[in-house]
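One structure is given here, and the rest of the page talks about it.
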Amino acid sequence: IEVASVCGMHHLAPQQLNPCQASSQGVGYLIRHAVECGCSSITLFLGGTATIDGGTGMLRSLGVEFMDCCGTPISSGNPLLSFAKICWGNVMNRLQGIHFDIVCDVVNPIMGPMGGVKIFGPQKGLQYVDVEKFEHRLCEWLQQLEKHTDAQVKNLETEPFGGAAGGIGL
């Protein structure tokens with residue numbers, strides 16, 4: 001699955017780029033379809049996306065429910081910036097036994113001075129003043145991932161390749 005074919009910057013005019021709204025939800029639909037068709041191995045080709053959502057949109061279409069501070073499900077746009085609660089549903093069961101290979105051409109971590117947010121965010125329409133907000137929300141997202149998986153937040157923040165495709169590879 002080439003993620004840029006689903007949520008790539010090339011689909012939008014420069015003035016339409018808005019990482020506050022763009023999500024990886026379509027990537028999740030393709031993964032779900034592949035699994036439903038019997039695929040047990042999926043290769044994701046990362047890069048060129050218009051999103052910085054840490055894969056939250058992708059997981060939303062795989063069954064994870066993100067809710068705002070009022071408990072209302074976030075059904076569109078980038079859930080990263082406004083989620084207050086997460087219901088994981090059966091996503092882990094759905095993906096159990098599925099092998100993922102991740103292919104990308106950058107080694108940037110998701111955060112920090114050479115992180116994907118800071119380096120690639122501006123080409124996606126991110127304003128420099130919003131870099132800190134996105135990194136803060138990504139930290140909160142990584143803590144949620146740590147609670148529900150065997151990932152270690154400290155490792156994810158600096159994991160090479162984590163900054164590709166707005167953090168989808170995380």
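The values are calculated or read from the model by the stated rules, or taken from the named source; none is laboratory data. Not measured: the values here are computed from a predicted model. With ideal geometry, Cβ positions are generated from the backbone for all residues, glycine too; neighbour counts draw on all protein chains shown. Side chains are part of the model used for accessible areas, which takes the heavy atoms of the whole protein and leaves out ligands, DNA and RNA. Shrake-Rupley method; radii C 1.70, N 1.55, O 1.52, S 1.80 Å.
When only residues in the stretch 66-76 that are out of contact with any Ser or Thr (no Cβ under 9 Å at 6 or more places or on another chain), part of a loop (DSSP other than H, G, I, E, B) and open to solvent by less than 80 Å² (accessible area, probe 1.4 Å) count, which is farthest from G26 (Cα to Cα)? Result: G71.
Within the stretch 21-42, being open to solvent by 40 Å² or more (accessible area, probe 1.4 Å), farther than 17 Å from D101 by Cβ and either touching a residue at least 12 places away in the same chain (Cβ under 8 Å) or in contact with a strand residue (DSSP E or B) (Cβ under 8 Å, 6 or more places away or on another chain) (or both) holds for Q21, Y29, R32. Is it true that some residue in the stretch 51-63 is in a strand (DSSP E or B), modelled with pLDDT of 95 or more and of a type in the set (V, I, T)? No. Of all residues in the stretch 1-16, none that is free of Cβ contacts under 8 Å to residues at least 12 places away in the same chain and in a helix (DSSP H, G or I) has its Cβ atom under 8 Å from the Cβ atom of a residue that is surrounded by fewer than 17 Cβ atoms within 10 Å (Cβ to Cβ) and not polar (S, T, N, Q), 6 or more apart or on another chain. Within the stretch 152-164, one or more residues are part of a helix (DSSP H, G or I) and within 17 Å of S24 (Cα to Cα). Per the conditions (1) touching a strand residue (DSSP E or B) at 6+ places or on another chain (Cβ under 6 Å); (2) more than 15 Å from G167 (Cα to Cα), the sole criterion not satisfied by Q144 is (2).
Can you name the residue in the stretch 77-100 that is surrounded by fewer than 11 Cβ atoms within 10 Å (Cβ to Cβ) and out of contact with any strand residue (DSSP E or B) (no Cβ under 9 Å at 6 or more places or on another chain) and, of all such residues, is modelled with the lowest pLDDT? Working first, answer last.
Going through the stretch 77-100, the residues surrounded by fewer than 11 Cβ atoms within 10 Å (Cβ to Cβ) turn out to be 93, 96-97, 99.
Keeping just the survivors that are out of contact with any strand residue (DSSP E or B) (no Cβ under 9 Å at 6 or more places or on another chain) gives 93, 96-97.
On the way: N93: 81, Q96: 89, G97: 93.
In this case the residue turns out to be N93.
Considering only the stretch 43-65, state which residues are open to solvent by 10 Å² or more (accessible area, probe 1.4 Å) and not basic (K, R). Within the stretch 43-65, T43, F45, L46, G47, G48, M58, L59, G63, E65 qualify. Among the residues making up the stretch 108-148, those that are assigned to a helix (DSSP H, G or I), in contact (Cβ under 8 Å) with a residue 60 or more places away in the chain and open to solvent by less than 20 Å² (accessible area, probe 1.4 Å) are G116, V117, K124, F134, L138, W141, L142.
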